1. What residues have an amide H closer than 5 Å to that of Val114, excluding those fewer than 5 places away on the same chain, when H is modeled at 1.01 Å from N in the peptide plane?
2. Taking only Cα atoms, what is the 0 to 90° angle, nearest 10, from helix 59-68's long axis to the longest principal axis of the chain?
3. Between Glu164 and Ser82, take the C-beta separation as r, use R0 = 25 Å, and let me know the FRET efficiency to the nearest 0.05.
4. Which one, (i) 1, 8, 16, 21, 20, 14, 9, 6, 3, 1, 0, 0; (ii) 1, 7, 15, 18, 17, 14, 12, 8, 6, 2, 0; (iii) 1, 7, 15, 19, 20, 18, 12, 6, 2, 0, gives P(r) over Cα pairs in 5 Å bins from 0, in percent as derived from the coordinates shown?
5. Could you work out the longest stretch of the chain that avoids the trypsin sites (Lys or Arg not before Pro) located in DSSP loops with at most 16 other Cβ atoms within 10 Å?
6. If segment 129-183 were replaced by its equivalent ellipsoid, with semi-axes equal to the square roots of 5 times the Cα gyration tensor eigenvalues, what would those be, largest first, whole Å?
7. Rounded, prolate or oblate for segment 1-101? Axes are the square roots of the Cα gyration tensor eigenvalues, ordered a ≥ b ≥ c, and the cut-off for rounded is a/c under 1.5.
8. Where only protein heavy atoms count, and the probe is 1.4 Å, what is the accessible area per residue for the chain in Å²?
Amino acid sequence: FKFSDKIKQEVFPHINYIKVAGDGETFASEVYRDIIFDKSTGANIKNIGILSNGSLLNKDNLDKLISLYENIKVFISMDGASKKTAEKLRRGINFDSWEENMQVLGHMRKLGKVNFLAFNFVVQKENYREMPAFAKMCLEQYNADAVKFSPLLNWGSFSNEEFEKESMFDICGIMKPELKEVVADEIFSNE
């Protein structure tokens, strides 16, 4: 907390926007929760960007955000449109609870209490067939402003051979034929 206290005291008075986190579930971190929810040292911060997998972005946390910030942007990472796929690729997540959280978040987006809502999906062998269902779910059920599909990257967690099997792009970055078929779905013509 020494570092977060220093940031709140020395940096927050000079900024009006923060974006948290990108290195794990934001609301699982006591330090991040302290930064987000302690407005005593950052009263001029009216804008926030939250990166989350959505598992802990429940109604209580959302209500707190809405009470503290004027402009809220939320970026949700999820890699499946089905319980089976999502829970396999996002270990530890409860997809049913996630869906409940997304319903509340989508409702708050519809009401304008959340100003921007985007979803990110990392495309890989285990989930690429769910891309159309994911886009439709996010746009129609959760009032998303954007749905982004990103290629799987190898941060050293795969051997080259394993990565080649899991990635839906070849070594030159070209889409594999089975992925091309999926992205031909009409949902992907939606801006």
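The values are calculated or read from the model by the stated rules, or taken from the named source; none is laboratory data. Since we're looking at a predicted model, the values are computed, not measured. Positions of Cβ are backbone-derived with ideal geometry, glycine not excepted, and every protein chain shown enters the neighbour counts. Accessible surface is based on the protein model in full, side chains and every heavy atom, while ligands, DNA and RNA are left aside. Shrake-Rupley method; radii C 1.70, N 1.55, O 1.52, S 1.80 Å.
1. Arg109
2. So the inclination is approximately 50 degrees.
3. Numbers: r = 25 Å, r/R0 = 1.00.
The pair Glu164/Ser82 has a calculated efficiency of 0.50.
4. Read-out taken from this structure: (ii).
5. On the way: sites that count: Lys39, Lys46, Arg91, Lys113, Lys125.
Excluding the exposed sites themselves, the longest stretch runs over 126-191.
6. Working: eigenvalues 135, 35, 15 Å².
Output for segment 129-183: semi-axes of 26, 13, 9 Å.
7. Working: a/c = 2.67, a/b = 2.07, b/c = 1.29.
Since a/c reaches 1.5 and a/b is larger than b/c, the shape of segment 1-101 is classed as prolate.
8. Details: 10830 Å² over 191 residues.
With the other protein chains kept in place, the chain gives 57 Å² per residue.
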